[in-house]
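Everything below concerns the one structure shown next.
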Amino acid sequence: MNHDRWTLITPDLFGTALLQTLQMLGVALVLGSILGVAIGAVLALTRQGGVLENRPVSIILAAVVNVLRSLPFIILLFAIIPFTRLVVGTSIGVAAAIVPLTVMIAPYIGRLVENSLLEVPRGVIEAARSMGATPWQIFTRFMLPEARGSLILAVTIASVGLLDATAMAGTVGAGGIGDLAVSYGYQRYDGFAMLITVITLVIIVQGIQFLGTNVARRYRRR
Amino acid sequence: MVQLSSRQQSVSTQARAGSDEGRIVFEGVSKTFTRGVAQTAALRGVQLEVAPGSIFGVIGYSGAGKSTLIRLVNGLEKPTSGRVLVDGIDIGALSGRGLRDAQKRTGMIFQQFNLLETVRVRDNVAMPLRLDGISQAAARTRADEVLDFVGLSAKADSFAGELSGGQKQRVGIARALVRNPRILLSDEATSALDPTTTTQIIDLLRSINREYGTTILVVTHEMDVIKDLADEVAVMADGEVVEQGSVLDTFLHPRTAITRDFVTTVVPQGLPDRVLAHLGGEGLWRLLLVDDEVTQPLISDLITGLGVSVNMLHADMTEIQEHTVGQMIIKVTGPAEKVTAARAFLAERVVHIEEVAQ
């Protein structure tokens with residue numbers, strides 16, 4: 001170990017780690033949100049009394065979501081390595097981490113989206129039906145706009161959970177802030193590295209929450 | 001509302017020719033809800049006809065099946081048996097696109113208004129047209145016309161959350177009218193409103209009916225709404241229509257106990273028990289008078305002409321269907337034959353006379 005320097009991490013090292021975290025967070029969040037909204041929509045629409053009530057679809061999708069959500073991320077990460085290889089051709093690095101991150105976050109967002117959509121008053125959906133709206137129109141013109149404030153809050157919550165999971169992605173060589181904390185702060189007793197990663201993570205979470213709360217407030221009901 | 005009025009003209013011509021447009025017919029309609037093994041009969045063999053251009057009221061306590069009844073008209077529910085004909089079309093037989101096209105020919109308003117909270121009033125009203133693929137500009141122009149008609153032009157840029165209950169219902173009405181429907185369905189539309197606002201909404205519905213000949217089917221548990229708004233009324237209990245007729249007739253001659261209960265909420269029919277006990281039943285009569293009957297010098301004729309004494313216990317007057325309806329409760333005393341003569345005299349001069357129940 002180099003004892004001349006008071007910390008082992010350099011601005012470069014930190015910059016790379018931050019970029020890796022933001023890449024994992026950003027890409028998995030976008031992919032997870034798209035999939036999550038789709039999952040949530042199908043769950044909300046096909047459930048009993050839903051606009052497109054469909055028992056088999058509802059039961060199967062709910063089961064898949066529950067299975068994926070019951071696995072701790074660290075296990076999911078390794079369990080789906082064959083799938084990850086199939087999708088991105090490798091099982092190490094940032095790209096390889098994004099696959100399990102997306103698989104983890106999409107069902108989570110799906111459940112949150114389902115709840116947000118179910119909060120839309122039944123009466124509004126009945127009004128939509130009475131106007132002769134198609135199921136797609138009911139979803140896009142009534143449910144989504146009415147739920148958007150609550151959907152933004154759901155994605156905010158999911159982002160914080162996702163950030164949590166990116167810290168574990170270091171174990172498949174994806175690096176990131178969390179990896180910095182483990183391999184420098186913990187394993188090499190670099191207190192400064194630990195401190196700076198903790199501060200950075202706190203700032204990211206605060207930033208996400210601040211942004212989410214404010215955007216959601218803007219879109220909430222008047 | 002230029003569009004509406006020109007269309008209305010052609011429609012009333014058709015109506016005279018016996019068209020089914022705007023007509024609603026229930027033919028032996030039953031509806032059973034099944035949850036697990038439990039079955040609930042919401043409607044049992046309902047037979048009703050709503051004439052084009054009329055205002056038809058359905059009254060009943062909650063659970064009587066009236067909400068189910070109105071939801072059959074725009075296909076939100078399907079009958080278990082029987083047929084619901086709207087504009088002459090069997091609505092229960094439709095599905096998918098055919099059903100949606102039929103739904104677009106009726107407008108519906110709700111107790112809880114059911115407006116979108118996240119879009120402005122103008123866009124709430126324009127929504128049905130947007131669903132039809134009409135451009136935003138054209139839909140908004142039309143929405144402004146209808147908002148003007150319901151007296152809410154000033155609130156076009158507001159959000160629903162900023163409006164009072166009465167204003168929200170006006171938006172609901174504007175939204176229901178934006179496609180020029182021949183039929184307007186009102187599901188407890190005034191039940192969440194205070195009495196003054198209720199009167200305003202009733203006036204608005206009446207003016208819609210008069211100006212555009214829109215058939216209005218009103219479901220309510222408030223007899224006041226029936227009295228002030230409807231031409232015809234059907235009374236529902238336990239999924240069945242127990243009584244049906246013109247509103248005036250129903251108020252004057254309620255045939256079932258439940259109808260009498262509803263009539264009593266508008267025209268109180270009793271005397272305090274203490275007074276009843278004190279008076280005794282003999283010669284204690286309730287009289288109903290309609291229009292000109294109200295202005296006859298009945299009491300003085302009784303006293304001077306028939307030589308009985310009359311004690312006036314209660315009198316009131318109300319307006320039903322543009323008819324004046326008066327009610328009196330009197331106690332007539334005198335020799336038995338004079339009392340009998342008085343009763344015969346009254347029976348010829350008033351629309352209804354009955355002993356007051358002890």
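No lab work stands behind these numbers, since they all come straight from the coordinates. Treat the numbers as computed from the prediction; the structure is a model and nothing was measured. Methodologically, a virtual Cβ is constructed for each residue, glycine included, from the backbone with ideal geometry; neighbour enumeration extends over all protein chains shown.
When you scan segment A:130-140, do you find a residue that is in contact (Cβ under 8 Å) with a residue 24 or more places away in the chain and away from chain B (no Cβ under 11 Å), even just one? Within segment A:130-140 (the criterion being in contact (Cβ under 8 Å) with a residue 24 or more places away in the chain and away from chain B (no Cβ under 11 Å)), the answer is yes, since at least one residue qualifies. The residues of segment A:193-222 that are in contact (Cβ under 8 Å) with a residue 12 or more places away in the chain and within 15 Å of A:Ala17 (Cα to Cα), listed by number, are A:Ala193, A:Met194, A:Ile196, A:Thr197, A:Val198, A:Thr200, A:Leu201, A:Ile204.
How many residues are at negative phi and within 14 Å of chain A (Cβ to nearest Cβ) when one looks only at segment B:184-207?
The number of residues fulfilling the criteria is 7.
Scanning segment B:291-307 for residues that are within 21 Å of B:Thr324 (Cα to Cα), in contact with a strand residue (DSSP E or B) (Cβ under 6 Å, 6 or more places away or on another chain) and among the hydrophobic types (A, V, I, L, M, F, W, C) yields B:Val294, B:Ile299.
The lone criterion from (1) more than 26 Å from B:Gly98 (Cβ to Cβ); (2) assigned to a helix (DSSP H, G or I) left unmet by B:Arg142 is number (1).
Say we look at segment B:60-115 and pick out the residues that are in a helix (DSSP H, G or I), basic (Lys, Arg) and free of Cβ contacts under 8 Å to residues at least 60 places away in the same chain; which of these is farthest from the other protein chains (Cβ to nearest Cβ)?
Looking only at segment B:60-115, we keep the residues that are in a helix (DSSP H, G or I), and these are B:66-73, B:91-93, B:96-103.
Subset that is basic (Lys, Arg): B:66, B:71, B:97, B:100.
Checking the rest, the ones that are also free of Cβ contacts under 8 Å to residues at least 60 places away in the same chain come to B:97, B:100.
Numbers: B:Arg97: 9, B:Arg100: 4 Å.
Looking at the filtered set, the residue picked out is B:Arg97.
Criterion first (surrounded by 23 or more Cβ atoms within 10 Å (Cβ to Cβ), within 26 Å of A:Ile105 (Cα to Cα) and touching a helix residue (DSSP H, G or I) at 6+ places or on another chain (Cβ under 7 Å)) does A:Leu117 satisfy it? So A:Leu117 fits the description; yes. Determine, yes or no, whether B:Ser153 is more than 8 Å from chain A (Cβ to nearest Cβ), over 25 Å from A:Pro135 (Cβ atoms) and in contact (Cβ under 8 Å) with a residue 24 or more places away in the chain. No.
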